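Below: the structure, in structure tokens.
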Amino acid sequence: MAIDNNQLLRFTTAGSVDDGKSTLIGRLLYDSKAIFEDQLEAVETTSKRKGHEGVDLALFTDGLRDEREQGITIDVAYRYFTTPRRKFIIADTPGHIQYTRNMVTGASTANAALVLVDARNGVIEQTKRHAFIASLLQIPHLIVCVNKMDLVDYSEKRYEEIIAQFEEFSSKLYTKDIRFIPISALNGDNVVNRSENMSWYQGAPLLHTLEHMHISSDINKVDARFPVQTVIRPQSEEHRDYRGYAGRVASGIFRPGDKISILPSGFNSTIKSIDTIDGELKEAYAPMSVSISLEDDIDISRGDMIVKENNQPTPTQEFDAMICWLHNDTAKPRAKYVIVHTANEQRAMIKNVFYKIDINTYNRNEENKDLEMNDIARVTVRTTRPLMIDEYRDNRVTGSFVLIDESTHETVAAGMIL
């Protein structure tokens, strides 16, 4: 399959503090000429004020004042850029252990994760932690960027040692596509342009790898899922009798004439048309936003799901999930929350906590089950009405959810259905 030049790739960066994540993103933006002149001038001015000889590339992403003052990243900084080959959204996530929740947020929709390793330090606990979270979130592609190669004299031997260190534990990860690239983000070696200092490396630079990464097969094209977000009734002369169900295709492919079912009611119908503002479509697939009209007049509302008759998700009020606790306050036993699953909102509670995961060792902690900020745990969730779910490994849209505190309206947890 040919690569779609307009195909959007989302990737996240991860690694320990000072491994050079923000500098790497700055180098990507700078060398691919994806920075506006006023941005460049502002960063050049700040760099001079701070006494740097050249441009401090990290400032292109360290947008928060606290980050600029401390030289660290404490929030998820999103950046958009495009090349003639592809569009990109970058989530620059924190390296500190206390910001695990921020990494989970930034990585949840990513196609690829860039895990940075300082060539001097090799694979450390934080490297394993971030690789494990990326694997837990089912990110399909992992690129291990061995950074600061200039500080180890561009040593091929050191690079091979780090690959061996990483492969020693990566067999435990769910991610199958793991690639390694030796780089120097500060000097630009193998970031956008091939390095003259590492002629022994025969692979492609980072940008070329990202531009040519095949992600079409990452999308579930088998299980057709269309969560309804709103009902469209124009009431105009031209479309007086039109009733459309608008939303974003979560997975699978829908075409006019398809036999479908509406969940949770179970009513069946046939797709009459698939419409967009630009006209009708012959097919719709993830992640397209469309309006679907049916041959029959059926009572459908926000939170319902349109699926194929012969391929349906599991309707259930109780399921197991891995959750990341995002809130400062400890989870209260059997407390009531609002669960948001696709476009569906209802009340729910955490019925049981099986264990927490020590993300340093991957071991299970079955003794202390109190959920505190940044904890990752396996739980059972109980809802007031059935949800139409798939396992997260099969469908990252219908297999994920968030929990919201009813009283404060704050998001307290993000979950992946098992």
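The values are calculated or read from the model by the stated rules, or taken from the named source; none is laboratory data. None of these values were measured; they are calculated from a predicted model. Don't worry about glycine lacking a Cβ; one is built from the backbone with ideal geometry, like all the others, and counts go over all protein chains shown. To get the accessible areas, we keep the full protein, side chains included, count just its heavy atoms, and leave off ligands, DNA and RNA. Shrake-Rupley method; radii C 1.70, N 1.55, O 1.52, S 1.80 Å.
Here's the yes/no breakdown for (1) open to solvent by 50 Å² or more (accessible area, probe 1.4 Å); (2) of a type in the set (A, V, I, L, M); (3) over 30 Å from Leu151 (Cβ atoms); (4) without any contact (Cβ under 8 Å) to a residue 40 or more places away in the chain:
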| site | (1), (2), (3), (4) |
| --- | --- |
| Ala204 | no, yes, no, yes |
| Leu207 | no, yes, no, no |
| Ile215 | no, yes, yes, no |
| Asp241 | yes, no, yes, yes |
Practice problem: Would you please list the contacts, defined by Cβ atoms under 6 Å and residues six or more apart or on different chains, that run from a residue in the range 161-183 that is more than 11 Å from Cys145 (Cβ to Cβ) to a residue that is in a loop (DSSP other than H, G, I, E, B)? | Solution: Gln165/Gly122; Gln165/Val123; Phe166/Val123
Quiz item: Which one is farthest from the chain's Cα centre (by Cα), of the residues in the range 277-312 that are among the basic types (Lys, Arg) and surrounded by 12 or more Cβ atoms within 10 Å (Cβ to Cβ)?
Solution: Lys308
Practice problem: Could you tell me whether Glu237 is open to solvent by 20 Å² or more (accessible area, probe 1.4 Å), modelled with pLDDT of 85 or more, acidic (Asp, Glu) and at negative phi? | Solution: no
Quiz item: If you go through the range 109-150, how many residues are over 23 Å from Pro287 (Cβ atoms), in contact (Cβ under 8 Å) with a residue 40 or more places away in the chain and assigned to a strand (DSSP E or B)?
Solution: 6
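Mind listing whichever residues of the range 252-289 are in a strand (DSSP E or B) and on the phi > 0 side of the Ramachandran plot?
Passing the criteria: only Gly279.
Test Ser273 against the stated conditions and say whether it is over 25 Å from Asp394 (Cβ atoms) and open to solvent by less than 20 Å² (accessible area, probe 1.4 Å).
It is true that Ser273 is over 25 Å from Asp394 (Cβ atoms) and open to solvent by less than 20 Å² (accessible area, probe 1.4 Å).
Could you please give the count of residues in the range 330-348 that are open to solvent by 30 Å² or more (accessible area, probe 1.4 Å) and part of a strand (DSSP E or B)? Before you say what the answer is, go through the steps one by one.
Kept after step one, since they are open to solvent by 30 Å² or more (accessible area, probe 1.4 Å), are these residues of the range 330-348: 330, 332-334, 336, 338, 340, 342, 345, 347.
Restricting the remaining residues to those that are part of a strand (DSSP E or B) gives 336, 338, 340, 345, 347.
Result for the range 330-348: 5.
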Quiz item: Can you tell me which of Arg302, Arg396 is within 25 Å of Ala134 (Cβ to Cβ) and either touching a His at 6+ places or on another chain (Cβ under 9 Å) or not acidic (Asp, Glu) (or both)?
Solution: Arg396
Quiz item: Quick one: how many residues across the range 290-314 are more than 17 Å from Lys259 (Cβ to Cβ) and assigned to a strand (DSSP E or B)?
Solution: 3
Quiz item: Regarding Asp296, is this residue under 22 Å from Ser216 (Cβ atoms) and of a type in the set (D, E, K, R)?
Solution: no
Quiz item: In the range 153-185, what count of residues is obtained for those that are crowded, with 17+ Cβ neighbours inside 10 Å, over 16 Å from Thr127 (Cα atoms) and touching a helix residue (DSSP H, G or I) at 6+ places or on another chain (Cβ under 9 Å)?
Solution: 4
Exercise. Looking for whichever is within 20 Å of the chain's Cα centre (by Cα), more than 30 Å from Ser265 (Cβ to Cβ), open to solvent by less than 20 Å² (accessible area, probe 1.4 Å) and not acidic (Asp, Glu) here; the options are Ile389, Ile376. Which one fits?
Key: Ile376
Exercise. Those residues that are outside any loop (DSSP other than H, G, I, E, B) and of a type in the set (Ser, Thr, Tyr), I need them from the range 357-408; list them, please.
Key: Thr380, Thr383, Thr384, Ser400
